[in-house]
1. First select every other residue whose beta carbon is under 15 angstrom from the beta carbon of Thr4; then total the charges, Lys and Arg +1, Asp and Glu -1.
2. Using a Gaussian network model of the chain with C-alpha springs under 10 Å, which one of Thr56, Thr33, Thr70 is most mobile by mean-square fluctuation?
3. Between the helical axis of 101-121 and the dominant principal axis of the chain, each derived from Cα atoms, what acute angle in degrees is found, rounded to the nearest 10?
4. Could you let me know the centre-to-centre spacing of the range 99-113 and the range 44-96, using Cα atoms, in angstrom?
5. Calculate the dipole size of the chain relative to its Cα centre from +1 charges on Lys and Arg beta carbons and -1 charges on Asp and Glu beta carbons; express the result in debye to the nearest 20.
6. Along the range 36-46, what does the Karplus equation 6.51 cos²θ - 1.76 cosθ + 1.60 (θ = phi - 60°) give for ³J(HN,Hα), rounded to whole Hz, x for Gly and Pro?
7. Measure up Lys53/Lys100; Lys6/Lys119; Lys76/Lys121 against 24 Å on the Cα-Cα distance and list the ones that go over.
8. Compute the angle between helix 60-73 and the longest alpha-carbon principal axis of the chain, please, reported from 0 to 90 degrees and rounded to the nearest 10.
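Derivation of every value follows stated rules applied to the coordinates shown; laboratory data play no part. It should be emphasised that the depicted structure is a prediction, and the values quoted were computed from it without experimental measurement. Here Cβ is always computed from backbone atoms with ideal geometry, including for glycine, and neighbour counts include all displayed protein chains.
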Amino acid sequence: MEYTDKVMDHFQNPRNMGKIDNPSAVGEVGNATCGDIMRIYLDIEEDVIKDVKFQTYGCGAAIATTSIMTELVKGKKLEDALKVTNANVAEELGGLPPVKMHCSNLAADALQAAIEDYKNKNQE
Ligand code: FES
């Protein structure tokens, strides 16, 4: 299977790549298969994701899936963002070659880690 145009577009022009200064939360996960790292920054106001950015040492597939994921969750409430799964992200991209599925998992896993971080920081 080849990469779809949408994957190539997000790989070549990733959305929301970078870093947020003073983020509300940060999530970082490593990919056990390849050793790459993904970091997600969230700016959260009243349980809504106002801004999201990512940094990664991952490959093109990881960049493309995370770029798509950031577009999916921006403006969403945390509870709805948590429902964005790895499968949704890959589907949104029009599929990924099976050998690259582990790369796409970084996006939703890092997002969930960031939301977890936010919850831990904001416990009463
Ligand atoms: Fe590491 Fe794709 S090969 S994230």
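1. Values: positive: Lys6, Lys100; negative: Glu2, Asp5, Asp9, Glu91, Glu92.
Once positives and negatives cancel, what remains is -3.
2. Thr33
3. Result, in degrees: 0.
4. Taking the Cα centre of the range 44-96 as reference, the centre of the range 99-113 is 9 Å away.
5. Numbers: 13 positive and 20 negative charges, 37 e Å.
Value, rounded to 20: 180 debye.
6. With coefficients 6.51, -1.76 and 1.60, one gets 6, 10, 10, 10, 10, 10, 10, 10, 10, 10, 6 Hz.
7. Working: Lys53/Lys100 22 Å; Lys6/Lys119 33 Å; Lys76/Lys121 20 Å.
Too far apart for the 24 Å limit: Lys6/Lys119.
8. In the chain, helix 60-73 runs at an angle near 40 degrees to the longest axis.
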